[in-house]
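See structure below.
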Amino acid sequence: MPVAIITGASRGLGLALANGLAEAGWDLVVDGRDAAALAEAAAGLPRDVTALPGDVTDAAHRLALVAAADRLGGADLLVNNAGILGPSPQPRLADYPLDVLRDVYEVNAVAPLALAQLALPGLRARGGAVVNVTSDAAVEAYEGWGGYGSAKAAVEQASRILAAEEPAVRVWWVDPGDLRTRMHQEAFPGEDIGDRPEPVTVVPAFRRLVESRPPSGRIRLADLLAGAPA
Ligand SMILES: NC(=O)c1ccc[n+]([C@@H]2O[C@H](COP(=O)([O-])OP(=O)(O)OC[C@H]3O[C@@H](n4cnc5c(N)ncnc54)[C@H](OP(=O)(O)O)[C@@H]3O)[C@@H](O)[C@H]2O)c1
């Protein structure tokens, strides 16, 4: 069975992706900082998974994730999904607290690369893949989205260069589109986000991505959902 590490799988998009891959027979290693929420989420998945509570910014936790995948035979897929928005509501860049900005970069930009560094030897050997979850905020100049958006822009450019440097590995930076999650609610505090699609709606497109293995590149899951060639 193929093996995937999915970060931030205790709720939202990460949990939906974990469900989708578990249903497809993947062995999974998942994380999240809230141990109780992670255990409850893992218990609801359709097969046993290795759930390791921890913070992706913690180097020892990242080593534990990759070691757990190694015990299952080694990761074929690393899904860097864990992310934070930053303050809610989001401050404009002129007022953005720099200590918080550093945290946003650590979680959203540094940790995904750090995990990829650990997983790369195995991914190269197995012809595996890295998915870095990004956002349209990485490429659009939405006012108020400067902290989160610039962190995601860093992930995108790091992904682009990693793809050029690692021809034996697929690297996809994946924009899932707007989804009804806790982070999305934090981004639009006090607003009714009930019209946004549930994370489960993008799972078929994600499954199509990992099964059809298109060349490395930027992927909008909406394009795969719409049936464009992968
Ligand atoms: N929702 C959208 O509309 C949307 C659009 C574009 C991109 N995205 C991206 O999709 C990904 C998932 O977001 P979401 O909307 O599903 O958010 P979410 O509902 O807030 O879920 C985030 C997940 O990441 C975990 N997490 C956060 N910080 C972590 C850390 N430092 N270490 C380990 N786990 C951590 C959370 O658990 P704990 O809090 O317990 O750690 C949770 O499981 C993110 O990368 C986000 O930027 C979302």
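Overview of values
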{"read-out": "Residue pairs meeting the criteria (Cβ under 7 Å; at least 6 apart or on separate chains; first farther than 23 Å from residue 107 by Cβ, in the range 33-47; second of a type in the set (A, V, I, L, M))", "value": "45/18; 45/22; 46/22; 47/22"}
{"read-out": "Top-ranked residue of the range 65-94 - restricted to ones that are open to solvent by 30 Å² or more (accessible area, probe 1.4 Å) and more than 22 Å from residue 104 (Cα to Cα), ranked as nearest to the ligand (Cβ to nearest atom)", "value": "67"}
{"read-out": "Selection within the range 149-175 - open to solvent by less than 20 Å² (accessible area, probe 1.4 Å) and either polar (S, T, N, Q) or within 13 Å of the ligand (Cβ to nearest atom) (or both)", "value": "149, 151, 152, 155, 156, 159, 173, 174, 175"}
{"read-out": "Residue within the range 137-153 that is closer than 21 Å to residue 213 by Cβ and among the basic types (Lys, Arg) present", "value": "no"}
{"read-out": "Of all residues making up the range 87-134, the number that are assigned to a helix (DSSP H, G or I) and within 22 Å of residue 33 (Cβ to Cβ)", "value": "21"}
{"read-out": "Qualifying residues in the range 48-64 (those that are within 16 Å of the ligand (Cβ to nearest atom) and acidic (Asp, Glu)) - the one farthest from residue 206 (Cα to Cα)", "value": "58"}
{"read-out": "Residues of the range 18-35 classified as more than 9 Å from the ligand (Cβ to nearest atom) and either outside any loop (DSSP other than H, G, I, E, B) or closer than 16 Å to residue 130 by Cα (or both), total", "value": "10"}
{"read-out": "Matching residues in the range 179-203 - criterion: being open to solvent by 80 Å² or more (accessible area, probe 1.4 Å), within 9 Å of the ligand (Cβ to nearest atom) and part of a loop (DSSP other than H, G, I, E, B)", "value": "180"}
{"read-out": "Some residue of the range 66-82 being of a type outside the set (A, V, I, L, M) and farther than 26 Å from residue 215 by Cβ", "value": "yes"}
{"read-out": "Only one of 70, 58 that is in contact (Cβ under 8 Å) with a residue 24 or more places away in the chain, more than 21 Å from residue 147 (Cβ to Cβ) and not hydroxyl-bearing (Ser, Thr, Tyr)", "value": "70"}
{"read-out": "Failed criterion for residue 145 (all others in (1) of a type outside the set (Gly, Ala, Ser); (2) closer than 21 Å to residue 77 by Cβ; (3) touching a Ser or Thr at 6+ places or on another chain (Cβ under 9 Å) hold)", "value": "(2)"}
{"read-out": "Selection count where residues are open to solvent by 20 Å² or more (accessible area, probe 1.4 Å) and either among the aliphatic types (A, V, I, L, M) or within 12 Å of the ligand (Cβ to nearest atom) (or both), scope the range 116-137", "value": "3"}
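The values are calculated or read from the model by the stated rules, or taken from the named source; none is laboratory data. In this text, all values refer to a predicted model and were calculated from it rather than measured experimentally. All Cβ positions, glycine included, derive from the backbone under ideal geometry; neighbour counts span all protein chains shown. When the accessible area is computed, the model is the full protein with side chains, heavy atoms only, and any ligands, DNA or RNA have been set aside. Shrake-Rupley method; radii C 1.70, N 1.55, O 1.52, S 1.80 Å.
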